[in-house]
Amino acid sequence: MIKGLNMKKYIFMSSLIIIGFVLQTSLMGFINLFNVIPNISLILLVIFAMLTDGVSGGTLGLLTGILYDAMIYDIFGLYALIYFLTGAVIGTISDEMLRENQLVYSLAAGLSTIVMHLLLYLILFFLRFRVQSAHGLLPSILVETILNAVLVVFVLRFFIYLSYRFNVKA
Amino acid sequence: MNFLKRHFKKILFFLTIFILIIMIGLSSIGRMEGADLGFFGNFIAGLQKLTYKTGGTFTNSFYSVQEIVKMREENIMLTENVYKLRDQVRMLENIVNKSDALKTEYEMRKSLSYDYVVGQVIAVDNSNWFSRFTVDRGENDGIRQNDIVIQAVKTDDNIVQIGLLGIVAETSSDWSKIITVTDERCKVSFKNNANDESGIVQGSIDGTITGYFFNSKAGAKAGDSLVTSGIGEVYIPDIYIGDVKDVVKTTDASTLRIIVEPAVDLTKIGRVYILTK
């Protein structure tokens with residue numbers, strides 16, 4: 001048993017992370033808004049980290065990142081690091097936040113999106129990628145931030161519904 | 001001991017970050033290969049294939065209904081184009097047949113065939129920073145790292161290439177990761193068909209393909225078509241990359257930078273051809 005989180009809930013969240021990853025990399029490409037795709041994996045991670053603690057948030061973040069690094073990218077550790085940091089930090093500070101307030105989830109999802117892209121920029125800069133043209137991505141990042149901040153509320157409600165259906169304590 | 005107990009979470013946190021940074025460093029310089037998730041990876045790839053196909057089928061059905069009206073007009077336009085192209089081919093064949101050297105080269109290129117494997121896209125990277133996708137073919141199908149990926153159509157005799165898509169970055173037993181031409185890590189040596197000048201094109205973070213010529217005095221104009229030159233022996237020669245979209249002078253004004261429009265629409269890829277070496 002992991003502190004503050006029973007095993008059933010942990011398996012439930014991990015399964016949703018995997019399903020989220022599959023949907024994000026395959027189905028979501030067909031559902032884009034203004035040529036921008038919301039990040040379901042990040043949204044799920046934000047929700048799970050908010051509902052748990054730093055250790056669980058970090059572990060789930062690591063799982064999300066490893067899936068991306070192993071299945072899509074050739075630089076191993078890039079997304080694992082970013083999602084781990086996101087999960088661990090949100091999980092740690094979630095104790096201080098009002099978990100019942102949906103606005104907090106929106107704020108966390110929006111901020112996480114910006115921080116994720118900022119971290120990507122920094123890491124790619126140190127890996128000597130030509131990041132000078134990254135300013136061209138700003139409009140897409142802005143739209144993605146808004147989409148994630150809005151979508152997190154619906155995903156949260158869906159998660160609560162699923163938790164109720166599967167008898168998992170959210 | 002008490003210190004370790006008290007700060008266990010912090011130590012774990014920083015140790016994980018440290019290990020991940022080392023992994024990023026090692027894998028970015030090619031000292032470490034990507035993780036092969038084995039059976040679990042194949043299972044995930046299977047799920048991705050299923051959902052990607054479902055998504056594709058639904059989207060195609062939706063667009064098919066939407067575009068039914070356009071199809072008649074498009075059919076007329078395509079028929080006209082076929083007649084124009086047939087006429088052009090007849091004219092070019094006439095010119096080619098008048099020179100023995102050109103005739104020999106034409107016959108040689110016509111009979112050129114590739115060993116290939118047809119793959120289905122099962123997952124795409126939809127982050128803004130990279131341009132990658134995964135296909136459902138891997139080492140078991142004879143695919144190796146650095147194999148070329150193109151979009152093509154199959155005819156009775158052979159495959160007719162449409163354009164270069166990218167290169168195989170990593171392989172697993174049943175699936176492979178592909179880096180596309182618009183990705184920052186993809187560099188291709190090209191030849192300008194208009195003047196035979198060579199250079200290098202590279203993708204970028206914002207998804208544009210830019211390049212430069214080896215010869216600083218070489219020129220190019222919008223509309224010139226670029227093919228792979230085969231220099232470096234990674235890419236097979238004469239694979240169509242795309243057309244020059246714009247030509248800009250660099251800050252020192254002595255060299256030209258070209259912006260390339262890729263031959264293939266990377267947002268609409270389903271079946272791909274992997275040329276095995």
Exercise. Can you figure out the FRET efficiency of B:LYS187 with A:ASN6, using R₀ = 60 Å and their beta-carbon distance, to the nearest 0.05?
Key: 0.75
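With a cut-off of at most 16 other beta carbons within 10 Å, and DSSP calling the residue loop, which chymotrypsin sites (Phe, Trp or Tyr not before Pro) in the range B:206-277 qualify? Please list them.
Values: sites: B:TYR212, B:PHE213, B:PHE214, B:TYR235, B:TYR240, B:TYR273; in loops: B:PHE214, B:TYR235.
Here the sparse-neighbourhood loop sites are B:PHE214.
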Exercise. Please identify which residues in the range B:225-269 have an amide N closer than 15 Å to a label point set 7 Å out from the Cα of B:GLU73, following the Cα→Cβ vector.
Key: none
Practice problem: Heavy atoms only, probe 1.4 angstrom, no DNA, RNA or ligands counted: give me A:HIS135, B:HIS7 ranked by accessible area, highest first. | Solution: A:HIS135, B:HIS7
Quiz item: Taking only DSSP H segments of four or more residues, each worth -39500 (n - 2.57), what value at 222 nm results for the protein assembly as shown once the sum is divided by all its residues, to the nearest 500 deg cm²/dmol?
Solution: -16000 deg cm²/dmol
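Quick one: longest stretch of chain B between exposed loop GluC sites (Glu not before Pro), exposed meaning at most 15 other C-beta atoms within 10 Å and loop per DSSP?
With GluC sites (Glu not before Pro) excluded where exposed in loops, chain B gives B:68-232 as its longest stretch.
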Exercise. Evaluate the distance, in nm, between pseudo-label points positioned 7 Å from the Cα of B:ASN215 and of B:LYS245 along their respective Cα→Cβ axes.
Key: 2.7 nm
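If I take R0 = 22 Å and measure r between the Cβ atoms of A:ARG157 and A:ASN35 in this structure, what FRET efficiency does the formula 1/(1 + (r/R0)^6) give, to the nearest 0.05? Mind showing how you got there, number by number?
Working: r = 27 Å, r/R0 = 1.22.
Taking R0 as 22 Å, the efficiency between A:ARG157 and A:ASN35 is 0.25.
Kindly sort A:ASP69, B:ASP125 by accessible area of their heavy atoms, largest first, with the probe set to 1.4 Å.
Numbers: A:ASP69 0, B:ASP125 20 Å².
Ranked list, largest accessible area first: B:ASP125, A:ASP69.
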Quiz prompt | In sequence order, calculated HN-Hα J values of the range B:134-148 (Karplus, 6.51, -1.76, 1.60; Hz; x Gly/Pro) | solution = 10, 10, 8, 10, x, 4, 5, 9, x, 8, 10, 4, 6, 5, 8
Quiz item: Which value in nm describes the separation of the simple spin-label points at B:ALA101 and B:TYR83, placed 7 Å from the Cα toward the beta carbon?
Solution: 3.7 nm
Quiz prompt | Sparse-neighbourhood loop sites, chymotrypsin sites (Phe, Trp or Tyr not before Pro) in the range A:4-48 - DSSP loop, at most 13 other Cβ within 10 angstrom | solution = A:PHE34
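Take the residue pairs B:LYS49/B:LYS84; B:LYS221/B:LYS277; B:LYS70/B:LYS154; A:LYS169/B:LYS177; B:LYS245/B:LYS277; B:LYS53/B:LYS187 and return only those whose Cα atoms are more than 28 Å apart.
On the way: B:LYS49/B:LYS84 40 Å; B:LYS221/B:LYS277 33 Å; B:LYS70/B:LYS154 25 Å; A:LYS169/B:LYS177 38 Å; B:LYS245/B:LYS277 31 Å; B:LYS53/B:LYS187 30 Å.
In this structure, B:LYS49/B:LYS84; B:LYS221/B:LYS277; A:LYS169/B:LYS177; B:LYS245/B:LYS277; B:LYS53/B:LYS187 lie more than 28 Å apart at Cα.
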Quiz item: With axes computed from alpha carbons, what is the tilt in degrees of helix A:7-22 against the longest principal axis of chain A, rounded to the nearest 10 within 0 to 90?
Solution: 30 degrees
Quiz item: Label points 7 Å out from Cα along the Cβ direction at B:ASN146 and B:THR276: separation in nm?
Solution: 1.8 nm
Quiz item: Between the DSSP loop rule and a limit of at most 11 other Cβ atoms within 10 Å, which trypsin sites (Lys or Arg not before Pro) in the range B:1-74 are left?
Solution: B:ARG31
Quiz prompt | A:ASP95 accessible area, 1.4 Å probe, all protein chains in place, Å² to nearest 10 | solution = 100 Å²
Quiz prompt | Net +/- balance of residues flanking B:ALA218 in space, Cβ distance below 14 Å, scoring K and R +1, D and E -1 | solution = +2
Practice problem: Can you send over the solvent-accessible area of B:VAL181, 1.4 Å probe, protein chains only, in Å² to the nearest 10? | Solution: 10 Å²
Quiz item: Roughly how much of B:ARG257 is accessible, in Å² to the nearest 10, using a 1.4 Å probe?
Solution: 100 Å²
Exercise. Find the centroid of the Cα atoms in the range B:215-245 and in the range A:95-170, then give the distance between the two in whole Å.
Key: 40 Å
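I'd like the mean, over residues of A:35-45, of how many other protein chain beta carbons sit within 10 Å of each residue's own Cβ. List each step's numbers first, then the result.
Values: counts 2, 2, 4, 1, 2, 0, 0, 0, 0, 0, 0.
That average works out to 1.
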Practice problem: For a label point 7 Å from the Cα of B:ILE159 along Cα→C-beta, name the residues of the range B:112-139 whose backbone N is under 17 Å from it. | Solution: B:112-122, B:133-139
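The values are calculated or read from the model by the stated rules, or taken from the named source; none is laboratory data. None of these values were measured; they are calculated from a predicted model. Methodologically, a virtual Cβ is constructed for each residue, glycine included, from the backbone with ideal geometry; neighbour enumeration extends over all protein chains shown. Areas reflect the complete protein model, heavy atoms only, side chains present, ligands, DNA and RNA absent. Shrake-Rupley method; radii C 1.70, N 1.55, O 1.52, S 1.80 Å.
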